[in-house]
Structures are given as structure tokens and as C-alpha cells.
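Notes follow the structure.
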Amino acid sequence: MNIRTRGIVEMTTAMVISGTVGWFVLETRMPAASVVFWRCALGAVAMLLACAGLGLLRRSMLDARQLGMVALGGMALIANWVLLFAAYSHASIAVATVTYHTQPFMLVALGALLFGEKPTANKLGWLAVAFCGVVLIIIGGERSGSPAPGYLVGIGLALGAALFYAIAAAITKSLKVVPPQLIVLIQLIVGTVALLPFATWPNGASAAHAWGLLLTIGFIHTGLMSTLLYGAIQKVSTSLVGVLSFVYPIVAILVDAWAFGHLLGPVQIGGAVAILVAVAGMNFGWSLFRLHRAST
């Protein structure tokens, strides 16, 4: 197996793992903040072993300023997970995951607000397409009989999660010299400390089952997934990473349908397609206006 093929396998596996996390979270039947605490605590153990194996546990790897930036990014990442996990139970895994994939547009907005980066007309066009997608998902949920207040809360939580993910990504982007595995380790430690007051222990007859789920979320969905993801990013092109990242929402939609019988209605499917096409268009630099002119 050559390096590129290995990277494709690693990236695909990482995205499949990510697409199943919603089922594991809901099956624990625990509060979102508590699940994230255990994800951080157990994931930190996994990433500590990974960093030790890679020889990254050296004081020279980052200075005090970088440590502070990583910790700040960790707080944003933890807020992102708490909001996303909470969104699953209000809307559905499929709706929350697709809505969550508006992250790239949150990054564009942050770039404009914080760094004075003017978005191009093309990016604004794809943003409009994604916004229409969110509106269709909202309308589709109401037509399918989803409880409006809870459903809208779920969408709002997913959008909030996307915003905090964008903040974490923007901070991480400024730390290019720090190994990503070390960044994740520190962020997980920060999350463990920050969420300690919200931690609860699995109890009752289903405690053993819940511990199995939490261990899987910590070691597989966090430790293994992060290791595979960063390994893949080093082996394949950015464009291929972008293509394979769409495995995540597709798997999440299939898992939601299989595990909970949540099938997207026609209008929701239209909204999901609009969001994913908009994300693809922005990531791959498709010219929305050129396509429009060519079709007229």
C-alpha cells in the first residue's frame, strides 16, 4: 500500500468513526457536558500515549504564549462538543450534523470580523446557498411534524457548535509550528479540568453499557480518530481531504436512519444537499456566478 492510498484509508476511517459518534453519545443517556468530560479525560490518556510514542512530550515543543493560545482554543473546542452533543437530542443526529457543517462559513465570518479579510462575492454566494439550506431544514422539520421549539433549539445548538469549532480552528491555524497531536492533548486536558464540575458517573443497571460507550468515545472517537485524521492530512492533498470529509455527514445520516429511524423528509434532504454543495463549492473554489452565466 503506497503512502497516498494509506492516507485515503486513514481519512475515510476517521470520517466513518466521526459519523457514528452521535449514536454513542445518545446511547449513554447522560448529559452532554458529562459525556464531553469523559471524552476529554479518556481521550487525553489516548493522546498522551500517542504523543509519547511520537516523541512530542518535550518542553521545547511550545512556549508560554503558544500554550495559552492552545488552551484558549481548547475552551472553544470543548464548547463546540457540548453544544453539538446537546443538539443531537433536540433535533436529530442527521439534522445536527449537516447544520454543523456550516463551519467553513463561520470561519469566513470570523476572518472578516477579526482579521479584516474581505470575503469574495463567490464566497458570499455560497454562504447564501448554505443559509437557504438551513432555512429548508427548518421548514422541512416543521412539515415532518418535529416539535418546533425543540427542533429549532437543536438547530441553534448545532450552529453555535459550528461557530465555536471555527474559533478553535482559527486559533489552531495560527499555531502551525506546534504538532497537532500535542495541541489536541493539551486541549483535552483543558477540557477535563473545565468540565470537572459537570462530570457524572454512569450508574444503575446500564452503568457497564455506558462505560463501554464512554471508553469507545474517548479512545476510538477521540484518540484513534485524531491520530488517523492527522496522519491522513500529512499523506494526501488538501482537496482530497475536503472530498473525503463528506463521508462524515453521510455516515451520520445513515446511522441516524438505522439506529433511530430518523429519515429526512424531501425538504430536509434539499436543505442538506444545499449546505453540503455550498461547503464543497467554497472549499474547492467552484465559481457560483460563472456556473450561473454558463447556464443562461
For THR102, residues with placed amide H under 5 Å, excluding near neighbours: none
For the range 78-90, Karplus couplings with θ = phi - 60° (6.51, -1.76, 1.60), whole Hz, Gly/Pro x: 5, 4, 4, 5, 4, 5, 5, 5, 5, 5, 4, 7, 8
Cα→Cβ-extended label distance, 7 Å offset, between SER239 and VAL273, nm: 2.5
Candidate lysines for bridging to LYS118, where Cα separation is under 28 Å - those fewer than 8 sequence places away on the same chain excluded: LYS173, LYS176
For ALA91, distant residues with modelled amide H under 5 Å away: GLY154
Magnitude of the charge dipole, the range 3-295, Cβ model with Lys/Arg +1 and Asp/Glu -1, debye to 20: 720
For GLU117, distant residues with modelled amide H under 5 Å away: ALA112
Given the chain, longest segment not containing exposed loop trypsin sites (Lys or Arg not before Pro) (DSSP; at most 11 other Cβ within 10 Å): 177-296
Shape category assigned to the range 185-248 from the gyration tensor of Cα positions, a/c cut at 1.5: prolate
Alpha carbon centroid spacing (whole Å) that separates the range 203-226 from the range 67-143: 26
The range 155-163 - phi-based ³J(HN,Hα) in whole Hz, Karplus 6.51/-1.76/1.60, Gly and Pro as x: 5, x, 5, 5, 5, x, 4, 4, 5
Virtual paramagnetic centre 7 Å along Cα→Cβ of SER174, amide N under 13 Å, in the range 34-69: 65-69
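Bear in mind that the values in this text are calculations on the coordinates, not laboratory data. These numbers were taken from a predicted model, which means no experiment stands behind them. Note that we place each Cβ from the backbone using ideal geometry, even for glycine, and neighbour counts take in every protein chain shown.
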